[in-house]
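Here is the structure we will look at.
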Amino acid sequence: MTKRIGITSDHGGFALKAKIKDAFAAYEWVDLGTDSAESVDYPDFGYKLAEEIASGALETGIAICGSGIGISMSLNRYKEVRAAVCHDVTTARLTRIDNNANVLCLGARVVGDVVALDTVKAFLDTEFEAGGRHERRVNKLAEKGQ
Ligand code: RB5
């Protein structure tokens, strides 16, 4: 079955969002906007993806703004979300293995397209190392938050 992945961005990430969807066309993308380069507020789009994850409608997402930071802050206000800003393959891989991150956040003004696409591939291809210390620590994250 084709894996469904949520994707969202503000205007700063709009162009990279389209490139990610093109490069990984084998996935089913649930695009939550924004739909143009017109200025919008990143929390509105971070919250859209967070709501999908919190409700269980989606398990995984990608969120993009200029730095990756603002949109990650909005996503991480939901206790069901573990959003990680990653700008290289190593941190993308480790945040899956160690943190079971369910949202990758990218800063379109920070990394080039090739690095961003490699980072997405590493994030999507890596499984959480379930059981043991990593799971215990991730469970502690779930105990806090709104
Ligand atoms: C928008 O100009 C910019 O502030 C936003 O994309 C992001 O970088 C915020 O963290």
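Computed quantities for the displayed model
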read-out: Alpha-carbon centroids, the range 87-103 and the range 1-74: separation in whole Å; value: 17 Å
read-out: Nearby aspartates and glutamates by direct alpha-carbon distance to Lys3 (threshold 13 angstrom, same-chain neighbours under 8 apart not counted); value: Glu28, Glu59, Asp125
read-out: Likely footprinting exposure, Ser39, Ser72, fewest C-beta neighbours within 10 Å first; value: Ser39, Ser72
read-out: Space enclosed by the convex hull of the alpha-carbon atoms of the range 86-146, per residue, Å³; value: 78 Å³
read-out: With eigenvalues of the C-alpha gyration tensor scaled by 5 and rooted, the chain, Å; value: 22, 17, 14
read-out: Counting all C-alpha pairs of the range 1-72, share separated by more than 15 Å (%); value: 48 percent
read-out: Segment Lys121-Glu38, length gained on full extension (0.36 nm per residue, minus Cα span); value: 27.1 nm
read-out: Karplus-derived 3J(HN,Hα), 6.51/-1.76/1.60, for each residue of the range 90-100, Hz, glycine and proline x; value: 5, 5, 5, 5, 5, 6, 6, 5, 8, 9, 6
read-out: Nearest-ten-degree value, helix 132-142 long axis tilted from longest Cα axis of the chain; value: 60 degrees
read-out: Expected 222 nm ellipticity per residue - DSSP helices of 4 or more, -39500 (n - 2.57), all of the chain, to 500; value: -13000 deg cm²/dmol
read-out: Likely footprinting exposure, Leu94, Leu32, Leu49, fewest C-beta neighbours within 10 Å first; value: Leu94, Leu32, Leu49
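Coordinate-derived values only; no laboratory data. Quick caveat, the model's predicted, so the values are computed rather than measured. Note that we place each Cβ from the backbone using ideal geometry, even for glycine, and neighbour counts take in every protein chain shown.
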